[in-house]
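**Student:** Please read through the structure below; I'll follow up with questions.
Each value in this text was obtained by applying a stated rule to the coordinates, not by laboratory testing. In this text the structure is predicted, and so the values were computed from the model without any measurement. Methodologically, a virtual Cβ is constructed for each residue, glycine included, from the backbone with ideal geometry; neighbour enumeration extends over all protein chains shown.
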Amino acid sequence: MRIVQATLEHLDLLTPLFVKYREFYGELPYPESSRKFLEKRLTRKESVIYLALADDEERLLGFCQLYPSYSSLALKRVWILNDIYVAEDARRQLVADRLLHTARQMAKDTNAVRMRVATSRDNQVAQKVYESIGFHEDSQFKNYVLSISED
């Protein structure tokens, strides 16, 4: 397995797994819209996406996508680990661990103060993986969400 940063050339490989990720969270597939979304993020350099490629480099084992943010209190960058997904046939092969370690190193290299991640309350597997590499539940701040919907 090899971890690489995604480029536009990886869109054909990434899009199907991104669609499966969305379906995992109950969203409709929308493959064309998903591809356009990823293409915009990469073109505009609005996110960093890491890919876990099989040794033959023709199969995508998993991916993670991080978005930059900033801490006004720390006066430093924060990375939001927004998406991480491992193909069903690649689970239990430490794919998520490798992706997370790469993301963590990138956060260090960019002098970030922290990485943030959120997962559904019932996703015990993800919680254990996050905790195994050093994430801990935030006890300082309580997070709230305001949904913005079209009226």
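**Student:** For region 2-132, what's the relative contact order in percent, using C-alpha pairs closer than 8 Å and at least 6 residues apart?
**Tutor:** Values: 193 pairs, mean separation 27.7, N = 131.
Worked out over region 2-132, it gives 21 percent.
**Student:** Show me the ranking of peptides 97-105, 20-28, 3-11, 141-149 by mean Cβ neighbours inside 10 Å, starting with the highest. Present the calculation step by step, with values, prior to reporting the outcome.
**Tutor:** Numbers: 97-105: 18.0, 20-28: 12.6, 3-11: 14.4, 141-149: 5.0.
For the peptides 97-105, 20-28, 3-11, 141-149, the packing ranking is 97-105, 3-11, 20-28, 141-149.
**Student:** For region 2-132, with only Lys/Arg (+1) and Asp/Glu (-1) charged at the beta-carbon, what is the dipole magnitude about the Cα centre, in debye rounded to 20?
**Tutor:** Working: 21 positive and 18 negative charges, 151 e Å.
Dipole magnitude for region 2-132 comes out near 720 debye.
**Student:** Moving to a separate point now. Using 22 Å as the Cα-Cα cut-off, could you pick out the over-long pairs in LYS76/LYS128; LYS36/LYS142; LYS20/LYS142; LYS76/LYS142; LYS40/LYS128? Walk me through the numbers on the way to the answer.
**Tutor:** Numbers: LYS76/LYS128 27 Å; LYS36/LYS142 33 Å; LYS20/LYS142 30 Å; LYS76/LYS142 20 Å; LYS40/LYS128 32 Å.
Violating the 22 Å Cα-Cα cut-off are LYS76/LYS128; LYS36/LYS142; LYS20/LYS142; LYS40/LYS128.
**Student:** Counting helices only, and only those DSSP H runs with n ≥ 4, report the 222 nm mean residue ellipticity of the chain as the sum of -39,500 (n - 2.57) divided by its residues, in deg cm²/dmol to the nearest 500.
**Tutor:** Details: 4 runs with 51 residues, N = 151.
Helices in the chain give a 222 nm mean residue ellipticity of -10500 deg cm²/dmol.
**Student:** How big, on average over all directions, is the shadow cast by the Cα convex hull of region 2-132, in nm²? Spell out each step's value before the answer.
**Tutor:** On the way: hull surface 33.7 nm².
Over every viewing direction, the Cα hull of region 2-132 projects on average to 8.4 nm².
**Student:** Further, regarding this structure: What are the residues whose amide H is under 5 Å from the amide H of ARG116, where those residues sit 5 or more places off or on another chain and H is modelled from the backbone?
**Tutor:** Sorted by chain and number, the residues that satisfy this are TRP79, ILE80, LEU81.
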